[in-house]
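One structure below.
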Amino acid sequence: MEIGLIGAGSMGSGIAKTLLRAGHRVTVYNRTRSRAEALRGAGANVVGSVAEACRGEAVLTMLADDAAVESVVFGAGGILASLPRGGLHISLSTISVALSDKLAAEHARAGQEFEAAPVFGRPEAAENGKLFVVAAGPRSAIERSRPLLEALGPKLVVIGERSSMANVVKLSGNFLIASALESLAEAVTFARKSGVDAGAMLDFFTSTMFNAPVYKTYGGLIVEGKHDQVGFALPLGLKDVKLVLQAAEAQVVPMPFASILHDRFLTAMARGNEKNDWSVIARIAAEDAGLARAQHA
């Protein structure tokens, strides 16, 4: 397919490379042009405006937050104004449920289609075609996008025809990952302060009861203290917990543990960890337990 991709950060760049390898023709726009230019060697066409990225069969957005998505969709020369009638906008970003509903309504009003297809996976998974994708939107949009989404990884789940359903699933997934991070942080801190080899404990658990990528990947980062290897930055984790709480409140759903996670991420931000991976909350758990940074850095 002939597509545009807006957002060439660590995730967007990996996605672009995967789609190019799958034979799709990808035109990339990024606000900081040098990041887009880095993809030219992989076969991407690089353009200088959002409008130029909207000339294909579909345009994909992979951006950090609601504000970034709104700016490229509703701004002057944005997607809404530039995408032709019948054009398809696929949002791969983690955005709010409310914005997803707004995008679906505005694109429909313009005679366009909108589909939410947020992805699960870190940048290395994006580049290696190993993302998990959850999609929702009109059936026609889903079928048009299937060749793209199936190229991104081994698992595509279509969850419904209302786009924001996919965003509910994505936020739920990120809440579960954040919950696993917190439980790993507390367990590792408890083990270390009790004189137990945290690495040995992690190896035992991840080879038996908790044999899942989230425990293996993040458990390793926590035990080794490699929080500077940023796959998902702490501020994005805080943003997603806020979105979970916002969407849950709209549905009158209490989520008390999400409130705990919010405070943990906020504490990590207050202690100067904004440039670290969100697994850095393990450092906060250790500091709260009185462990010296040298023991858990």
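Helix 164-193 versus the longest principal axis of the chain: what angle, 0 to 90°, nearest 10, using Cα atoms?
For helix 164-193, the angle is close to 20 degrees.
Roughly what % antiparallel, to the nearest 5, for the DSSP beta bridges in the chain?
15 percent
Suppose every K and R has +1 on its Cβ and every D and E has -1 on its Cβ; what is the size of the dipole of the range 2-162 about the Cα centre, in Debye to the nearest 20?
Using Cβ point charges on Lys, Arg, Asp and Glu, the range 2-162 gives about 320 debye.
Calculate the FRET efficiency for SER140 and GLU37 from the Cβ-Cβ distance with a Förster distance of 51 Å, rounded to the nearest 0.05.
So, using R0 = 51 Å, E works out to roughly 0.90.
Per residue, how much space in cubic angstrom lies within the convex hull of the C-alpha atoms of the range 119-166?
Convex hull volume per residue, Cα atoms: 57 Å³.
Kindly express, to the nearest 10 degrees and within the range 0 to 90, the angle between helix 10-21's C-alpha long axis and the longest C-alpha principal axis of the chain.
Between helix and principal axis, roughly 50 degrees.
My understanding is that a pair violates if its Cα-Cα distance is over 20 Å; which of LYS130/LYS170; LYS155/LYS239; LYS216/LYS239; LYS170/LYS275; LYS130/LYS216; LYS226/LYS275 do that in this structure?
Those over the limit are LYS155/LYS239; LYS216/LYS239; LYS170/LYS275.
Direction-averaged shadow area of the convex hull around the Cα atoms of the range 2-162, nm²?
For the range 2-162, the mean projected area of the Cα convex hull comes to 7.8 nm².
Could you put ILE142, ILE260, ILE79 in order, starting from the residue whose Cβ has the fewest other Cβ atoms within 10 Å?
ILE260, ILE142, ILE79
Full extension from SER172 to ASP203: what is 0.36 nm times the residue separation minus their Cα-Cα distance, to one decimal in nm?
The SER172-ASP203 span can extend by a further 8.5 nm.
In degrees between 0 and 90, to the nearest 10, how far off the longest principal axis of the chain does helix 139-151 point, with axes built from Cα atoms?
Result, in degrees: 60.
What is the percent of Cα-Cα separations in the range 168-296 that go past 25 Å?
Distances greater than 25 Å cover 23 percent of the Cα pairs.
Quick one: putting +1 on the C-beta of Lys and Arg, -1 on the C-beta of Asp and Glu, what dipole do you get for the chain around its Cα centre, in Debye to the nearest 20?
480 debye
So how do 96-102, 53-59 stack up, highest first, on mean other-Cβ count within 10 Å?
Result, highest mean Cβ count within 10 Å first: 53-59, 96-102.
Hey, for a label at LYS275 modelled as a point 7 Å past Cα toward Cβ, could you say which residues of the range 211-245 have their backbone N under 17 Å away?
Under 17 Å, as judged by backbone N against the label point of LYS275, lie 226-236 of the range 211-245.
Between ALA180 and ALA250, what FRET efficiency follows from the Cβ-Cβ distance if R0 is 22 Å, with the result rounded to 0.05?
After rounding to 0.05, the efficiency reads 0.30.
Where the eigenvalues come from the Cα gyration tensor of the range 235-281, what are the semi-axes √(5λ) of the equivalent ellipsoid, largest first, in whole Å?
Ellipsoid semi-axes (Å, largest first): 22, 10, 7.
For a Förster distance of 45 Å, can you work out the FRET efficiency between the beta-carbons of PHE190 and ASP101, rounded to the nearest 0.05?
Efficiency, from the Cβ-Cβ distance: 0.60.
Read the figures in this text as sums done on the coordinates, not as results from a lab. These numbers come from a predicted model, not from an experiment. Glycine also receives a Cβ, built like all others from the backbone with ideal geometry; neighbour counts cover every protein chain displayed.
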